[in-house]
Structures are given as C-alpha cells and as structure tokens.
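Reading through the structure tokens given below for one structure.
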Amino acid sequence: MTRSSQLQQSNAPFQGQSSNTSALQQGGNAPLAGAATSSSCATPSASHTCYDIPILDDEVTEFVYWKFHVQVVLEAQDLWTVVDGTFAKPNASTDPTGFADWSCKDREARIQISLSLRNEPLKAVCGAKTAKECWDRLTSYFKSKGGRFGCVVPLMEELFQTTLSESEPIEPQIDRRVRIASTLDFLGFPVGDKLLAQAIVISIPESMATLKMILYTTNDSDISTDLVRSRLVFDEHCRVRASGDTAAAYFAKAAIKKRGGKKCTHCNKRGHDVRECRKLKKEQEESKSATDAY
C-alpha cells in the first residue's frame with residue numbers, strides 16, 4: 001500500500017459513504033453533498049445522496065485528511081470546480097444563466113464546507129464571499145498554524161525520535177507516522193516514502209533488534225513504507241501467536257510489564273519513572289510555595 005493509497009483509505013467509512021442518517025446519529029459527522037440542495041439549482045442526481053464527513057477540529061494533522069474527503073465529495077457533486085476556480089464566475093449581465101448556475105453551486109459548496117467545521121477553523125472562513133475564498137482561507141490558516149515552531153518541529157521530533165511501543169498494536173502507530181508525513185508534506189516539508197520507511201525502522205525498539213537489522217540492510221531500491229509495515233505486522237502476529245494469548249490479552253500483559261519495569265530514581269518505587277513521580281512533584285510544589293512565601 002503506497003502513502004497515497006493510505007491517505008485515500010484513512011477514515012474509509014466516511015469517504016463517499018452513502019447514508020440517510022443525520023449528523024447527530026453519525027456521532028457529529030456533517031452530512032455533506034445534498035444537505036442543502038436547492039430545487040432551483042441544476043445539480044446532478046448524485047446531489048441527492050448524503051455523504052458523511054468528519055467534522056474538522058483545530059488540528060493540522062486532521063486537516064490533510066479532511067481536505068481530501070471534502071474534495072472527493074464536492075467533485076462527486078460537480079461543485080469542486082467553483083472551489084478550485086476552474087468554473088470562473090460569469091458576468092451576470094452577459095451570461096445570466098451561467099451566473100445563476102455558478103451562484104447556486106458556489107452557495108451550496110460554501111454551506112457544505114462551513115457545516116463541516118468546528119468553531120476555531122470556522123472563524124477563519126467567516127466573512128468569506130465565495131467557496132474558493134473559504135477553501136483558500138482554510139488552507140492558509142492551517143499552514144500558518146503549523147508553522148516551524150507551531151507544528152513542524154514537534155511533528156519531526158515525533159517522526160524521527162520516538163520509539164514504537166510493544167504494548168500497543170503496531171499498525172495504528174505506523175498509520176500515525178504516515179499521517180505525520182502527509183502533514184509535513186502539506187506544510188512544505190516533504191517526507192519521501194523511503195525516508196518515512198527509514199524513520200519507522202529507526203523507531204523499532206531494541207527488543208526487536210534482529211528485524212531492525214534485517215530492515216537496515218535491505219537494499220535502498222527495495223525499502224518502502226509498505227515493506228516495513230508488512231514485516232512489522234507479520235512479526236507482531238508471530239509474537240502474539242507464540243504467546244498463546246489473544247491479541248487483546250497479549251497487549252494488556254505487555255502494558256503491565258512495561259509499567260512494572262519502570263523504577264523511579266527519586267522514591268525508588270516501581271511502576272513509574274522520575275518524570276511521573278508524585279512525591280517529587282509534591283516536594284517541588286512545597287518548595288516553590290515556601291520560596292514564594294519569602
């Protein structure tokens with residue numbers, strides 16, 4: 001599976017899913033494409049189908065996927081051309097029919113985009129006069145929000161410096177890294193598939209050193225995110241099967257073992273490290289209070 005296919009398949013139940021249920025019944029998803037169809041609009045029959053799109057929160061990593069979902073739906077409804085500017089606004093005097101058609105499509109596209117936003121991103125499009133302006137404002141808003149120190153650096157640190165956890169299923173962790181790479185691409189810091197694959201290999205814990213070395217020595221021409229994903233998922237499947245437990249039981253035991261392996265260097269108790277030590281935090285707060293008192 002390539003990164004582009006991964007992008008297309010994320011949140012697959014929402015993408016182009018036909019539904020007759022309301023947004024409330026779908027847990028907050030906005031019913032797009034057909035939610036606000038005017039009888040005066042010359043829209044295709046597909047506009048009578050309701051597509052559920054996840055509501056966009058104020059997260060840059062979510063915007064990349066939301067953007068893809070909305071574009072696919074608007075394309076299906078023959079509304080995307082007013083958003084990307086392909087269907088330019090006709091002159092009302094010389095082409096009243098074309099102007100009426102454009103106005104109807106633009107109005108519906110604006111409604112559908114706006115109804116799929118939470119309050120924070122909605123503020124960015126308030127006052128926009130056209131669907132294209134809504135789209136451009138949202139893109140600019142999330143690009144500025146994900147600036148170098150606002151988002152890029154933390155995402156790069158997570159991608160290149162964190163380690164995969166053995167106490168959690170491996171595939172969702174890989175999916176998270178794929179999403180980070182897609183977000184960095186959007187923000188102007190492209191991460192190629194081979195670099196992403198190497199980043200995932202780097203994040204493999206030392207307890208899986210044999211597999212890590214095998215992947216390290218894979219030919220550059222052969223290495224890919226899909227290859228690394230398949231090897232890691234297969235290795236995990238073998239470990240779960242060898243344990244004799246169900247996957248849920250295996251990860252539950254792994255989580256307990258992970259917590260039990262920690263030992264605080266401050267209080268010498270097991271189950272947490274010094275960064276999580278309540279005794280240390282209490283002592284620091286008492287010390288700060290005493291200092292403030294003086």
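With θ set to phi - 60°, apply the Karplus curve 6.51 cos²θ - 1.76 cosθ + 1.60 along region 161-176 and write out the HN-Hα couplings as whole Hz, x wherever there is a Gly or Pro.
Values, residue by residue: 10, 8, 10, 4, 8, 7, 8, 9, x, 6, 5, x, 5, 5, 4, 4 Hz.
Using the count of nearby Cβ atoms within 10 Å as a rough guide to exposure, how do 176, 275, 107 rank from fewest to most?
275, 176, 107
Any idea how far apart residue 139 and residue 161 come out in nm if each label point goes 7 Å out from Cα toward Cβ?
3.2
With a point put 7 Å past each Cα toward its Cβ, work out how far residue 242 is from residue 91 in nm, to one decimal.
7.6
What are the residues whose amide H is under 5 Å from the amide H of residue 117, where those residues sit 5 or more places off or on another chain and H is modelled from the backbone?
Excluding prolines and chain starts, which carry no amide H, the hits are 56.
Round to the nearest 0.05 the FRET efficiency obtained for residue 207 and residue 57 when R0 = 41 Å and r is the Cβ-Cβ distance. Before the final figure, lay out the partial values.
On the way: r = 35 Å, r/R0 = 0.86.
Once the sixth-power term is evaluated, E becomes 0.70.
Counting residues in region 127-270 as N, plug N into 2.2 N^0.38 Å and put the Cα Rg over that result. List each step's numbers first, then the result.
Values: Rg = 19.4 Å, N = 144, 2.2 N^0.38 = 14.5 Å.
So the Cα radius of gyration is 1.34 times the expected 2.2 N^0.38 Å.
If I stretch the segment between residue 269 and residue 176 completely, what's the gain in nm (0.36 nm per residue apart, minus their alpha carbon distance), one decimal?
On the way: separation 93, 0.36 × 93 = 33.48 nm, distance 3.27 nm.
Extending this stretch completely gives an extra 30.2 nm.
By count of other Cβ within 10 Å, fewest leading, how are 55, 214, 204 ordered? Intermediate values should be presented prior to the final figure.
On the way: 55 18, 214 13, 204 22.
Sorted ascending by nearby Cβ count, the order is 214, 55, 204.
Each residue of region 130-140 in order: what ³J(HN,Hα) in whole Hz does its phi give by Karplus 6.51 cos²θ - 1.76 cosθ + 1.60, θ = phi - 60°, with x for Gly and Pro?
9, 5, 4, 5, 4, 5, 5, 5, 4, 4, 5
By how many nm would the segment from residue 111 to residue 280 lengthen if fully extended, with 0.36 nm per residue of separation less the alpha-carbon distance?
55.6 nm
Provide the per-residue ³J(HN,Hα) series for region 206-220, in order, calculated from phi with Karplus coefficients 6.51, -1.76, 1.60 and θ = phi - 60°, each as a whole number of Hz, with x at glycine and proline positions.
Taking θ as phi minus 60°, the curve returns 5, 5, 10, 4, 5, 5, 4, 5, 4, 5, 4, 8, 5, 4, 4 Hz for region 206-220.
Could you list 213, 208 in order of exposure, starting from the residue whose Cβ has the fewest other Cβ atoms within 10 Å?
Numbers: 213 11, 208 18.
Ordered from fewest to most neighbouring Cβ atoms within 10 Å, 213, 208 come out as 213, 208.
Each value in this text was obtained by applying a stated rule to the coordinates, not by laboratory testing. This is a predicted model, so every value here is computed, not measured. Please note: Cβ atoms are built from the backbone with ideal geometry, for glycine as well, and neighbour counts cover all protein chains shown.
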